[in-house]
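Report on one structure; see the data block that follows.
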Amino acid sequence: MPALPLDEAGKYVAGAYVVFFTLIVIYVAIIGSKIARIERELEELNEEVGQGPSIDDGPEVRPPDQMAGLEAPRG
Amino acid sequence: MYSKGFRPLSIATVVALASALALVFFYAPNDADQGFVQKIFYVHVPMAIVALGGWVAGGLMAIKHLRSGDRSWDVRSYVAIHLSIILGVGVLVTGAIWARASWGHWWVWDEPVLVSFLIVFLLYCVYYPLRFSIEDPERQARYSSVFAITAGAFVPLNFIAVRLAESFTHPRVLSQTGGNLPGEMRLTFLVSLAAMTLLFVTLWKLELASKNASAQLKRLRTKLNARLAA
């Protein structure tokens, strides 16, 4: 068959690339929703345990120079 | 564990995909025979190669599972096969679009490349019902691994079939003598293949990280429930 004119071939080429990117976007969206569900369940678990703070408001990380003066608690 | 090195990998994937697209549409010349429609080649063929590679990799990971007894290898194998099936859907759809544009038909049954890929794809579609029909996790992992190894060994037949096929409608891309791609097309193809491989690895790691987090959460909940019950 002779080569298709650009305006007609463009539709097929666009179609093929749209299919590829749509598949990837759907896949990433599904994984993203799974991760969101895991986060939600983790928050629920945190509340059940009653530890209060979640990862977002977890313990403050001190710079090494401030930590140097700390001593390990003794029994 | 699985999220280690995820950020640089994701960045590399996005850069590679953007570079591949730029090369496809601004650097690679139009094919003398097929014209602009040949641009589908740069998404269709890398996707097919990576999907077939993913299935073989799934088989190798299944071997590792059966040898070590470590179930994490079964999960790795499952995710590789699962991703390859998704890419396989893309290969079949983009292939049909390309066939319609080039040959005037959505599907050609006497073309060995298409039919052999469809057979491999359908073979792997059996993997899901096999895996999820078994409730016992140990047996599920073992049977799935045996399937993954058997089917993975079948995949190279697809390549051999292509090599043996003497049809000129499906051009050879790469061969020991260099294939029949000119320099610009070859470079564009190789960049597209690298981008597709990076995309596969990134998505594989992403799904593994999600599955790992989900499994850890489940374990935590079980422990908590046991403590509350005690």
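Quick one: compute the contact order of the stretch B:6-229, relative version, from alpha carbon pairs under 8 angstrom and 6+ residues apart, as a percent.
Once divided by the residue count of the stretch B:6-229, the mean separation gives 33 percent.
Using θ = phi - 60° and the Karplus form 6.51 cos²θ - 1.76 cosθ + 1.60, what ³J(HN,Hα) does each residue of the stretch B:75-89 get, whole Hz, x for Gly and Pro?
After applying 6.51 cos²θ - 1.76 cosθ + 1.60, I find 5, 4, 4, 4, 5, 4, 5, 4, 5, 5, 5, 4, 5, x, 4 Hz.
What are the lysines whose alpha-carbon lies under 27 Å from the alpha-carbon of residue B:64, with same-chain residues fewer than 8 places away excluded?
Candidates past the 8-residue exclusion: B:4, B:205, B:211, B:218.
With a sphere of radius 10 Å drawn around the Cβ of residue B:211, what net charge do the other residues whose Cβ falls strictly inside it have (Lys, Arg +1; Asp, Glu -1)?
Combined, the nearby Lys, Arg, Asp and Glu give +1.
If you take the square roots of the eigenvalues of the alpha-carbon gyration tensor of the stretch B:6-229 and sort them as a ≥ b ≥ c, do you get rounded (a/c under 1.5), prolate (a/b over b/c) or oblate?
Taking the square roots of the gyration eigenvalues as a ≥ b ≥ c, the stretch B:6-229 is prolate.
Applying the Karplus parametrisation 6.51 cos²θ - 1.76 cosθ + 1.60 with θ = phi - 60° to the phi angles of the stretch B:26-37, what ³J(HN,Hα) value in whole Hz is obtained for each residue in order, glycine and proline being reported as x?
Working through the residues one at a time gives 10, 10, 5, x, 5, 5, 5, 8, 8, x, 5, 5 Hz.
Pop a pseudo-label 7 angstrom from the Cα along the beta-carbon direction at both residue B:154 and residue A:11 and give the gap in nm to one decimal.
3.7 nm
Evaluate the charge dipole of the stretch B:39-167 about its Cα centre and quote only its size in Debye, nearest 20, assuming +1 on the Cβ of each Lys and Arg and -1 on the Cβ of each Asp and Glu.
So the magnitude is around 260 debye.
Just want the ordering: B:206, B:66, from fewest to most Cβ atoms lying within 10 Å of their own Cβ.
B:66, B:206
Going by how many other beta carbons lie within 10 Å of each one, how would you line up A:41, B:135, A:47, fewest first?
Fewest-to-most ranking of A:41, B:135, A:47: B:135, A:47, A:41.
Give the long-range amide H neighbours of residue B:31: residues separated by 5 or more places, or on another chain, with amide H under 5 Å away, using H modelled in the peptide plane at 1.01 Å from N.
Close amide H contacts, sequence-distant or interchain: B:38.
What order, most packed first, do the peptides B:42-49, A:27-34, B:83-90 have when packing is the mean number of other Cβ atoms within 10 Å of each residue?
B:42-49, B:83-90, A:27-34
Determine the shielding of peptide B:78-86 by partner chains: average, over its residues, the number of Cβ atoms on other chains within 10 angstrom of each Cβ.
1
Using the Karplus equation 6.51 cos²θ - 1.76 cosθ + 1.60 (θ = phi - 60°), what ³J(HN,Hα) coupling, rounded to whole Hz, does each residue of the stretch B:216-229 give in order, writing x for Gly and Pro?
5, 4, 4, 4, 4, 5, 4, 4, 4, 4, 5, 5, 5, 6
Pop a pseudo-label 7 angstrom from the Cα along the beta-carbon direction at both residue B:15 and residue A:43 and give the gap in nm to one decimal.
Computed distance between label sites residue B:15 and residue A:43 equals 3.5 nm.
Rounded to the nearest angstrom and ordered from largest down, what semi-axes does the equivalent ellipsoid of the stretch B:93-138 get from its C-alpha gyration tensor (root of 5λ)?
33, 10, 6
Taking the Cα centre of chain B as the origin and placing charges on Cβ (Lys, Arg +1; Asp, Glu -1), which of B:48, B:9, B:91 is farthest toward the positive end of the dipole?
Towards the positive end, the residue furthest out is B:9.
Per-residue mean of other chain beta-carbon atoms within 10 angstrom of the beta-carbon, peptide B:185-197?
Counting Cβ atoms of other protein chains within 10 Å of each residue's Cβ and averaging gives 0.
Say each of residue B:7 and residue B:134 gets a label point 7 Å from the Cα, pointing the same way as Cα to Cβ; how far apart are those two points in nm?
Rounded to a tenth, the inter-label distance reads 4.0 nm.
Please compute the average number of Cβ atoms from other chains found within 10 Å of each residue's Cβ in peptide B:30-42.
5
Assuming 0.36 nm per residue, please report the length gained on full extension of the stretch residue B:225 to residue B:32 beyond their Cα-Cα distance.
62.7 nm
Where a number appears in this text, it was derived from the coordinates with a stated rule and is not lab data. Keep in mind the model is a prediction, meaning the values are calculated, not measured. Don't worry about glycine lacking a Cβ; one is built from the backbone with ideal geometry, like all the others, and counts go over all protein chains shown.
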